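One structure is given here, and the rest of the page talks about it.
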Amino acid sequence: MAHSYVSHHHFLASLLLTLTTLSFVRTTYPQTNTEFIRSSCSVTTYPRLCFTSLSSHATFIQTSPKLMAHAALNVSLSSAKSTSAMMTRLSRSHGIKPLEASAVRDCVEELSNTVDELRSSVGEMDRLRGSNYEVYMSDIETWVSAALTDENTCTDGFEGSAMDGKVKVLVRERILAIARLTSNALALINHFASLHG
């Protein structure tokens, strides 16, 4: 009887320990993913933006540098697409100066290139494995760098005193936001490449 009591007590103690451990793992696992994102973002130029733009993707990213770079590319692509649509509407709106409308149209063209380059990078990231790794990685880095150049070129058309006003401020803010996301994505891609190399 005493033996039965001891083994029953031992069973309850180990069950309690197991449940506690499972509960701990369940509550800390997403925290681990979030901490991974926070620490990985330290390699970027804009770590706070990096964390806020990627923390909602923690379940997808888990603790994978590749998935982190992939998510950063997708976030950048999504931002570029929505800004491109907004700029297209802006270029057709009444009340903006002809010079501004022309600069906005040029910017829409640059953003179209950005979207294509980021989309190609996302596609290549999906194929990133095996013997062609270096070729794919080089393509991705080239496309993301080109996207960043296109974004910066977009704001060049808004230089000068003739461009003062709400349109200039709006465009610069939106393009700066995409450029920062793209810069972060490039840093995360380079970081992932350095781990693989």
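If a residue has to be part of a helix (DSSP H, G or I), surrounded by fewer than 18 Cβ atoms within 10 Å (Cβ to Cβ) and aliphatic (A, V, I, L, M) to count, how many in segment 57-102 make the cut? Summing the residues that are part of a helix (DSSP H, G or I), surrounded by fewer than 18 Cβ atoms within 10 Å (Cβ to Cβ) and aliphatic (A, V, I, L, M) in segment 57-102 gives 5. Filtered by the rule that a residue be buried (at least 17 other Cβ atoms within 10 Å of the Cβ), at pLDDT 90 or above and either in contact with a strand residue (DSSP E or B) (Cβ under 6 Å, 6 or more places away or on another chain) or of a type in the set (A, V, I, L, M, F, W, C) (or both), segment 141-176 gives 143, 144, 146, 147, 148, 175. Contact map, segment 128-146: first residue among the aromatic types (Phe, Trp, Tyr), second residue in a helix (DSSP H, G or I), Cβ cut-off under 6 Å, separation 6 or more or different chains; pairs are 136/124; 143/117; 143/120; 143/121.
Checking residue 183 against (1) modelled with pLDDT of 95 or more; (2) closer than 25 Å to residue 89 by Cβ; (3) touching a Phe, Trp or Tyr at 6+ places or on another chain (Cβ under 8 Å); (4) not aliphatic (A, V, I, L, M): exactly one of these is not met. Which one? The single condition residue 183 does not satisfy is (2).
Every listed requirement among (1) closer than 28 Å to residue 100 by Cβ; (2) of a type in the set (A, V, I, L, M, F, W, C); (3) in contact with a Lys or Arg (Cβ under 6 Å, 6 or more places away or on another chain) is met by residue 192 save one, (1).
The values are calculated or read from the model by the stated rules, or taken from the named source; none is laboratory data. Worth saying up front: this structure is predicted, and the values here are computed from it rather than measured. We place every Cβ from the backbone using ideal geometry, glycine too, and count neighbours over all the protein chains shown.
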